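One structure below.
The values are calculated or read from the model by the stated rules, or taken from the named source; none is laboratory data. On a predicted model such as this, the values are computed, not experimentally measured, just so you know. Surface accessibility is based on the protein's heavy atoms, side chains included, excluding ligands, DNA and RNA. Shrake-Rupley method; radii C 1.70, N 1.55, O 1.52, S 1.80 Å.
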Amino acid sequence: MQKRNKKILAIIGSATPNSSNQKFVEKIIEKVDHFDITMYNSLSELPHFNTELTEHNVPEKIKNIRELIEHSDGILFSTPEYIFSIPSGLKNLLEWCVSTMIFTNKPISVLTASSSGIKGHEELHLILETLGAIIRPENSILIKGIKGKFDQYGNIDKELLQHVLSIMNNFNKTIEDFRHSS
Ligand SMILES: Cc1cc2nc3c(=O)[nH]c(=O)nc-3n(C[C@H](O)[C@H](O)[C@H](O)COP(=O)(O)O)c2cc1C
């Protein structure tokens with residue numbers, strides 16, 4: 001039987017079109033062949049979280065992104081830090097997910113690519129842990145000074161890219177381990 005590639009949803013946290021995080025994920029999509037990666041770069045189109053619409057009369061766009069998350073084998077977050085926190089668009093999505101079980105036992109990889117990013121990186125891990133996701137340190141990376149990691153032609157620093165690709169291999173293994181144990 002042919003092995004199917006794992007389905008990964010890559011959620012871009014940046015509010016900037018053509019962001020460094022988007023470019024990074026595009027490179028990962030180009031280089032990683034054990035994943036079918038769908039990039040989600042539309043956080044700014046989601047309605048603002050409303051507790052009265054989280055279980056009944058859920059907005060269509062929220063239903064869609066919840067389904068994408070639910071039907072993925074793993075979620076890759078690629079995000080900068082904004083004012084020592086995660087970007088509001090990403091926080092908004094996670095608030096819409098609190099009343100669901102879609103992150104429970106979901107393997108997660110976090111790539112925080114920012115100027116510094118320490119607080120945002122920690123915060124995203126704390127939130128995902130609270131939502132019951134599977135988080136392992138070998139599947140995440142904090143990339144400081146992201147803008148300096150691209151050359152004038154838009155190429156990513158080779159050593160960094162290799163490191164991130166090795167993290168994608170770790171992530172693949174986590175998803176496989178989880179499948180075998182569940
Ligand atoms: C509103 C705003 C707030 C920011 N705050 C932080 C911050 O607290 N820490 C940090 O490391 N970078 C901060 N930055 C800088 C971003 O990390 C940097 O611009 C990064 O390259 C953005 O990644 P992107 O190109 O994927 O959007 C901030 C940028 C913006 C637009």
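Computed values, structure above
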read-out	value
Theoretical gain in end-to-end length, residue 166 to residue 52 [0.36 nm per residue, Cα-Cα removed]	36.8 nm
Share of alpha-carbon pairs per 10 Å distance bin for the chain, given as whole %	9, 39, 37, 13, 2
Whole-Hz ³J(HN,Hα) from phi, Karplus 6.51 cos²θ - 1.76 cosθ + 1.60, for the range 117-123, glycine and proline x	x, 4, 5, x, 4, 5, 4
Contact order normalised by residue count of the range 6-181, Cα under 8 Å, 6+ apart, percent	23 percent
Structure-based [θ]222 nm, the chain - -39500 (n - 2.57) summed over DSSP H runs of at least 4, per residue, nearest 500	-12500 deg cm²/dmol
Within the accessible area of the chain (1.4 Å probe), percent carbon and sulfur	50 percent
In Å², nearest 10: area of residue 101 left accessible to a 1.4 Å probe	140 Å²
Karplus-derived 3J(HN,Hα), 6.51/-1.76/1.60, for each residue of the range 60-77, Hz, glycine and proline x	3, 5, 6, 4, 5, 5, 4, 5, 4, 5, 4, 8, 9, 6, x, 10, 9, 9
GNM flexibility winner over the chain from 22, 162, 152 (Cα, springs under 10 Å)	152
Accessible area per residue in Å² at 1.4 Å probe, computed on the chain	55 Å²
Whole-angstrom gap from the range 54-114 to the range 128-174, using each part's C-alpha centre	18 Å
Too-long pairs where the Cα-Cα distance tops 30 Å, listed order kept, from 61/149; 63/144; 7/91	61/149; 63/144
Residue 179 - accessible surface, heavy atoms, 1.4 Å probe, Å² rounded to 10	100 Å²
